[in-house]
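> Next up is a structure, given as structure tokens.
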């Protein structure tokens with residue numbers, strides 16, 4: 001079984017990565033979906049000998065670092081009896097698909113917890129759908145300046161690739177909405193999308209016939225777990241996730257907190 005530690009939005013608290021590794025137990029690789037606000041040496045020190053995969057968040061651009069904008073991470077059993085990371089490929093935001101529907105069914109837009117409850121609950125679904133339409137239109141306009149003039153092609157992953165992970169921070173795709181991220185995943189034939197930015201743990205699945213795309217946001221690792229007040233002040237709890245991939249490609253996601 002391949003066990004991947006997923007974390008995001010560390011915001012300088014690099015020691016929390018070490019604590020998350022300790023709590024997770026077996027860890028084959030650490031995947032960080034942006035906003036680390038720390039140099040790579042600090043992250044390598046926290047991860048020790050465990051392989052590290054990082055993408056750049058909107059709070060990381062000031063760093064003197066070469067974090068990629070996005071990563072494709074292929075999981076395969078071609079060279080091993082159990083799943084392993086076969087290779088990783090850097091991507092750039094310049095090749096975002098045009099807003100054509102992918103054919104995947106999408107759940108209602110998932111929004112952060114709010115005070116909308118009680119008497120307003122019958123209207124919550126309608127509000128979510130309206131906000132989804134508005135925000136998707138806005139994100140399409142915002143992101144159009146980053147489109148490449150080159151023709152956008154879709155890539156099919158090789159048969160020996162059990163799973164293909166698209167890891168990105170998410171701000172450029174207007175998360176927590178799924179529309180743009182789903183198009184991006186469909187473009188590269190990725191079936192697992194790991195993102196961050198919202199500081200909120202999320203696990204959601206979109207379907208297209210027998211095909212599925214899993215969205216995972218591990219939450220945030222902001223704050224000192226020994227000082228609950230600092231964690232709460234950082235909008236939430238110190239959460240991360242463990243993604244387990246079994247010999248036949250089975251997927252299990254476990255949420256953990258420090």
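Quick grid of which residues meet (1) under 22 Å from residue 85 (Cβ atoms); (2) buried (at least 18 other Cβ atoms within 10 Å of the Cβ):
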site	(1), (2)
177	no, yes
212	yes, no
240	yes, yes
257	no, no
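> Any residue at all in the range 52-63 that is modelled with pLDDT of 90 or more, under 19 Å from residue 162 (Cβ atoms), touching a strand residue (DSSP E or B) at 6+ places or on another chain (Cβ under 8 Å) and surrounded by 13 or more Cβ atoms within 10 Å (Cβ to Cβ)?
Taking every residue of the range 52-63 in turn, at least one turns out to be modelled with pLDDT of 90 or more, under 19 Å from residue 162 (Cβ atoms), touching a strand residue (DSSP E or B) at 6+ places or on another chain (Cβ under 8 Å) and surrounded by 13 or more Cβ atoms within 10 Å (Cβ to Cβ).
> What strands (runs of 3 or more DSSP E), lying completely within the range 166-258, carry at least 2 residues that are touching a residue at least 60 places away in the same chain (Cβ under 8 Å) and under 16 Å from residue 33 (Cα atoms)?
211-217, 239-245
> Hey, among the residues in the range 9-31 that are surrounded by 19 or more Cβ atoms within 10 Å (Cβ to Cβ) and without any contact (Cβ under 8 Å) to a residue 60 or more places away in the chain, which one's nearest to residue 85 (Cα to Cα)? Show your work before the answer.
Taking the range 9-31 as the starting set, the residues that turn out to be surrounded by 19 or more Cβ atoms within 10 Å (Cβ to Cβ) are 9-11, 13-14, 16-17, 20-21, 24, 29-31.
From the residues that got through so far, the ones that are without any contact (Cβ under 8 Å) to a residue 60 or more places away in the chain too are 14, 21, 29-30.
Values: 14: 24, 21: 18, 29: 9, 30: 11 Å.
Filtering the range 9-31 for residues that are surrounded by 19 or more Cβ atoms within 10 Å (Cβ to Cβ) and without any contact (Cβ under 8 Å) to a residue 60 or more places away in the chain, the one nearest to residue 85 (Cα to Cα) comes out as 29.
> Does residue 89 count as at pLDDT below 90 and either outside any loop (DSSP other than H, G, I, E, B) or touching a helix residue (DSSP H, G or I) at 6+ places or on another chain (Cβ under 6 Å) (or both)?
no
> Which of the residues spanning the range 16-46 are in contact with a helix residue (DSSP H, G or I) (Cβ under 6 Å, 6 or more places away or on another chain) and outside any strand (DSSP E or B)?
Matches in the range 16-46: 17, 18, 27, 46.
> Residue 208 passes all but one of (1) touching a strand residue (DSSP E or B) at 6+ places or on another chain (Cβ under 8 Å); (2) modelled with pLDDT under 80; (3) buried (at least 16 other Cβ atoms within 10 Å of the Cβ); which number fails?
(3)
The values are calculated or read from the model by the stated rules, or taken from the named source; none is laboratory data. From a predicted model like this one, the values you see are computed outputs, not experimental measurements. A quick note on method: Cβ atoms are made from the backbone with ideal geometry, for glycine too, and the neighbour counts reach across all protein chains shown.
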